[in-house]
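Have a look at the structure below, then the notes.
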Amino acid sequence: MNVRPTASPAEVLQAVTACGGLLSSALATAGPTLRAWHWGPCDPEGFAAMGVAEVLLHTYDITQGLSVDWLPPAALSAAVLDRLFPAAPPGDPTRVLLWCTGRGELDGFPRQIS
């Protein structure tokens, strides 16, 4: 997908919302044993977790670029960690998710490089 340089923020959000709707519809109709490719075979639950991670992490990236104080919600961060990063260290789920994806520091652990 390419976003026109002249697109307004509302138009960009409309496109993102449409993409979320497509993912939601695909997941709602996919059988639990179905597999699709994303860095390897992945089940619908994994695709859902990746979709949530994309929204959380790129929203974080955007807010950082705009100097807006925002962090991904802890409950959603925990769900993403449980599904996509089962070996993640314990701690505040938001901070751990940011660390796992190279977006933050975590005491006692070297910075991740993504």
* Asked: Calculated from DSSP H runs of 4 or more alone, at -39500 (n - 2.57) each and per residue, what is the 222 nm mean residue ellipticity of the chain, nearest 500?
  -> -18000 deg cm²/dmol
* Counting Lys +1, Arg +1, Asp -1, Glu -1, what net charge surrounds Trp70 among other residues with beta carbon under 13 Å of its beta carbon? -> -1
* Please go through the range 39-95 and write out the chymotrypsin sites (Phe, Trp or Tyr not before Pro) that DSSP classes as loop and that have at most 16 other C-beta atoms within 10 Å. => Trp39, Trp70
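Would you please put 92-101, 77-86 in order of how densely packed they are, using the mean number of other Cβ atoms within 10 angstrom per residue and starting with the highest? Walk me through the numbers before you get to the answer.
Numbers: 92-101: 20.7, 77-86: 17.6.
Those peptides, ordered most packed to least, come out 92-101, 77-86.
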* Give me the percent of the accessible area of the chain that comes from carbon and sulfur atoms, probe 1.4 Å, all protein chains in place. => 63
* Asked: Pick from Ala53, Ala74, Ala28: which residue has the top mean-square fluctuation in a GNM of the chain where Cα pairs under 10 Å get a spring?
  -> Ala28
* Asked: On average, how much accessible surface per residue is there in the chain, in Å², for a 1.4 Å probe, leaving out ligands, DNA and RNA?
  -> 69
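So, R0 is 35 Å and r is the distance between the beta-carbons of Ala30 and Asp92; what FRET efficiency does that work out to, to 0.05? Don't skip to the end; give the middle numbers.
Numbers: r = 32 Å, r/R0 = 0.92.
Taking R0 as 35 Å, the efficiency between Ala30 and Asp92 is 0.65.
Could you give the length gained by full extension between Val68 and Arg83, i.e. 0.36 nm per residue of separation minus their alpha carbon distance, to one decimal place?
On the way: separation 15, 0.36 × 15 = 5.40 nm, distance 2.80 nm.
Extra length from Val68 to Arg83 when fully extended: 2.6 nm.
Note down the Stokes-Einstein diffusion coefficient of the chain in µm²/s, whole number, using a Kirkwood radius over alpha carbon pairs, 20 °C, and 1.002 mPa s. List each step's numbers first, then the result.
Working: Rh = 15.7 Å.
My calculation gives 137 µm²/s for D.
The values are calculated or read from the model by the stated rules, or taken from the named source; none is laboratory data. The shown structure was predicted, so the numbers you read here are calculated from the model rather than taken from an experiment. All Cβ positions, even for glycine, are placed from backbone atoms using ideal geometry, and neighbour counts span all protein chains on display. The protein model used for the area step is the full one, side chains on, heavy atoms only, and it has no ligands, DNA or RNA in it. Shrake-Rupley method; radii C 1.70, N 1.55, O 1.52, S 1.80 Å.
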